[in-house]
Every structure is written in structure tokens, then in C-alpha cells.
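The values are calculated or read from the model by the stated rules, or taken from the named source; none is laboratory data. This one's a predicted model, so the numbers in the text were calculated from it and none came from an experiment. Here the Cβ positions follow ideal geometry from the backbone for every residue, glycine too, while neighbour counts run over all protein chains shown. The accessibility values were calculated without ligands, DNA or RNA, using every heavy atom of the protein model including side chains. Shrake-Rupley method; radii C 1.70, N 1.55, O 1.52, S 1.80 Å.
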Amino acid sequence: MNRQIIHIGFDDTDSIRKGCTTYIAAILVEKLQKLNVNFIDYPNLIRLNPNVPWKTRGNGALCIRIQYNENVEEEIKETTISTVEENADLEFKGTDPGIVFFKGIRIPKEVKNFARNTITGIVSLKEALKLLKKFGAEAVGFKKDRGIIGGLAAVGETLSGDYTYEILAYRVPENYGSKRKVDSASIFEMDKATAPYTFNNVDQEKRRVIITPRGPDPILFGIRGETAEIVKKAFDMVKPLEPVERWVIFRTNQGTDAHLKGVEKLNEIKPYHPVVAKGTVATNPNIIPRRHVIFSIKDESAQVDCAAYEPTGGLRHVAMKLLVGDYIEVYGGVRAPSAKNPLTINLEKIRLLKLAPKIVYKNPVCVKCGKRLKSMGKNKGFRCEKCGSRYANIGKVEVKMKREVKRGLYITSTRSQRHLTKPFRRYGMEKRGKTIVKLIEGWHFP
Ligand SMILES: [Zn+2]
């Protein structure tokens, strides 16, 4: 029997009120294995640009890569289409599912580049359709077909650079919408036992569990980590207090900073394109209502506003202590200018590269008795309150103060991190070089 390879990408099936595209992948895994396929990779969960204004916060697309017998090809496609159709929130305005069927083992470079652009910027449906045509791939779109973009991007992102894993456990439908019941002590213990090879389990600032999402979606919890083995081990340590319907291990670009793209100059920063940029602090931080902190940076090409919002936690405290003249690197999404605000980088990270001296001007001290002098008014000199000496022709003196921040990298609080944000725990764990994926025994249930 002739064995073939197909990459099945899909996206945009969920809405704020219902569903999750990863859940469709989990159901598909169960259905496809009955067709005697070989999974050549874990299902890939590809997070796309989180700053696309019309997408939900998660913005995750899926790809399933399998080897199959030619005679079940039609059944694979039909199963995929009906599973998406049955589980997508098709009545919701703005949910426009798309599926891409891409055959062959090799993913062309142009499709890989398309994926990169979908993760770091904005692409059009037209570009996706052009590539599908060029490479003879098939696509199925629902309503406005927008999900085809993410579907193709998920096919094209083969995770050959840095990547991580996530094990996702799903609830039984009866429990959708109710409060998630998982033993939180077991999560703190799991975090301790598996650190640093799992990440974003708990928010250390608030001592809060963050592996359980909120909202009506079917996910009970998700554990992120460096290997399939470690997320499986972590999963076994967590005690759910409600039934788990199914679970699957995904390979993903989460926690890799894949969305951030460096620019040479500040005038290259574009709305909706997450960025890494360097500049000199040009205005002192200003605290605006709701405790957000705004400052600007500049280089020879432009000056740009940066914002550290309240939920960024410790990052906001660092932003507050910046001074004009500090040389820093900023990481974050870019908000388009509005009538009220200029183009703004919403900070995810700051790296303090060079700190400007903090200078304060003080009255001089009395040369006779060492007491700090009193000013007698602007340009009227100083007087010593202790010995009565007067000093006419001297000014204030510069005093260098200790800075309250140190050089180094600062990252937004765990609770406000994007799916793609690389957390501290992952620094030094980045995967490079050739990726050979070997699926572990028991990577999904059922
Ligand atoms: Zn004196």
C-alpha cells in the first residue's frame, strides 16, 4: 500500500463564548488513529501574532502531520472537515474557520516564510490562497475563510528552531462554564518538582495557579515544558478534582519569543508588529490613571512611547524607575496610533543596558561647620543657620545618587505573559539545531 504524508492545518474555530481549536485537534487525534495513520509529530500548536487586532488573545493555530495509506485519504479529509464543522462556533460573528491539506513531506521555503510573517506581523488571505494554488494544496473555508491563513501558517511553522511542549487536559462537556476544580497544592508541588523544565505553572508574585484558564472553553488545565516526558510527568502529579475527558501533548512555539522581531531603528516600528528595539529614554516615566506607566525612548530616527500596564507587575515598577538618558532594549506588541495616543509599544520585557547617573542638586555645606546651608532665595546665595556665615557667589552642588534599578533583563509578570513570551525559566534552555521528533509512548488519551 502506498504511504503518503499530509499536513493538516486549521484555525479560527473558537470564539470568546465557546470552543478551543486545540480541542478539535484532540478529537481529531482520536478519530485519525482509528484510520491507522502514523503521527509523524505531536500535534503542533502554533501561536500567531498576538497583536492582530481582529483576533482573540490566544490566536493559536493547529497542525497535525501524519503518514497514511492512500485509500483512506478521502476519509481523513472528510473526518477533519466534519470535526471542525461540528465543533467550531460557526454562529459567532468573527469566527471564520479554515482548514488546509498540504501533501508531501517537505514544506516549501515560501510556506515557511509565510508562517514567520503570520507569527511576527500581518498577512492577507490573498497571499495564503496564492501559495495554496502554487503548491497544489487544498483548503476548506467557512464563512469569511480567514482561518485558512492560520491553517497554512501552522503547516508552515515546522518548529525547527526553538520550541516547547504543552499537555492539555479537557473537561467533560457537562462542566463547561463552571469553576475549574483542580487541587492547587498539587500544582505548587508539581511546579517545585519539575522546575526549571516546566514553566508558567504558577504566578510567583501573587502565589496563584495559572495552568487553569478562565472562561467557557473546554480546557481544564495545560502544563508547559521543555520535553514531552516532563509535561507528562507533571500531568501525573496534578490532581484534578473533576473528570478529565481527554488529554494530548502538543509541540508548540509557546514561550519562545517567536513573535518578536528586532528593528535597527525606531522609525521601522510598525503597528501590530511585535518588536525588539533599542533606544535612549527620552522622557521620565509618567504614571497615568489605572497605574499604567508611560515613557518614551528615542534614537536618531524617531521617538516612540512605551507603556507598562498595571498587570505587568514587577516590570511596571522597573519602568517607573527609569530616567532620561538610560539606554534600554524594549520588547513588546505595537499598538496603532489613535486620536488620543501615539503609536505605543506595550511592554513585555525591558533590558536595561546602560544606566544614566541620577543627579540631584543640593545646597552646598558650610565650609566652617559642615552644616548644609539654607538658600536665601533664588540667586541670593546661602546662609548657615548654625554659625551665621553667608555665601553669596555659589550655586547648588551636584550629588550623584544611587540608582534603584540594576542593569539586566526584566519580564512582565507571569500572569500577564503572552503565550509566546519567553519566561525567565526558559533562558538558556533554547533548542537549536536539527530537530528529530520522536513521539513518546502514550502522548494522548484516548
Ligand atoms: Zn556654618
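Quick check on segment 423-439. Is at least one of its residues in a helix (DSSP H, G or I) and either open to solvent by 50 Å² or more (accessible area, probe 1.4 Å) or at positive phi (or both)? Within segment 423-439, one or more residues are in a helix (DSSP H, G or I) and either open to solvent by 50 Å² or more (accessible area, probe 1.4 Å) or at positive phi (or both). Filter segment 189-240 down to the residues that are within 20 Å of the chain's Cα centre (by Cα) and polar (S, T, N, Q), then identify the one that is surrounded by the most Cβ atoms within 10 Å (Cβ to Cβ). Across segment 189-240, the extreme among qualifying residues is Thr198.
Looking only at segment 73-90, residues that are closer than 24 Å to Ile107 by Cβ, touching a helix residue (DSSP H, G or I) at 6+ places or on another chain (Cβ under 9 Å) and open to solvent by less than 20 Å² (accessible area, probe 1.4 Å) come to 4 in all. For segment 107-119, the count of residues that are of a type in the set (Val, Ile, Thr), on the phi < 0 side of the Ramachandran plot and at pLDDT below 95 is zero. Counting residues in segment 377-391 that are open to solvent by less than 50 Å² (accessible area, probe 1.4 Å) and either polar (S, T, N, Q) or at pLDDT 95 or above (or both) gives one or more. Number of residues in segment 144-169 that are surrounded by fewer than 24 Cβ atoms within 10 Å (Cβ to Cβ) and closer than 14 Å to Ile64 by Cβ: the value is 2.
So, in segment 103-131, of the ones that are of a type in the set (S, T, N, Q) and over 17 Å from Leu62 (Cβ atoms), which residue ends up surrounded by the fewest Cβ atoms within 10 Å (Cβ to Cβ)? Per the stated criteria, the residue is Ser124.
Restricting to segment 52-72, count the residues that are modelled with pLDDT of 90 or more, over 24 Å from Glu226 (Cβ atoms) and either assigned to a helix (DSSP H, G or I) or open to solvent by less than 30 Å² (accessible area, probe 1.4 Å) (or both). The qualifying residues number 5. Among the residues making up segment 205-225, those that are part of a strand (DSSP E or B) and either at pLDDT 95 or above or under 16 Å from Pro240 (Cβ atoms) (or both) are Val209, Ile219, Leu220, Phe221, Gly222, Ile223, Arg224, Gly225. Looking for something in contact with a Pro (Cβ under 8 Å, 6 or more places away or on another chain) and either over 16 Å from Ile5 (Cα atoms) or hydrophobic (A, V, I, L, M, F, W, C) (or both) - is there at least one such residue anywhere in segment 87-96? So far as segment 87-96 goes, yes, one or more of its residues are in contact with a Pro (Cβ under 8 Å, 6 or more places away or on another chain) and either over 16 Å from Ile5 (Cα atoms) or hydrophobic (A, V, I, L, M, F, W, C) (or both).
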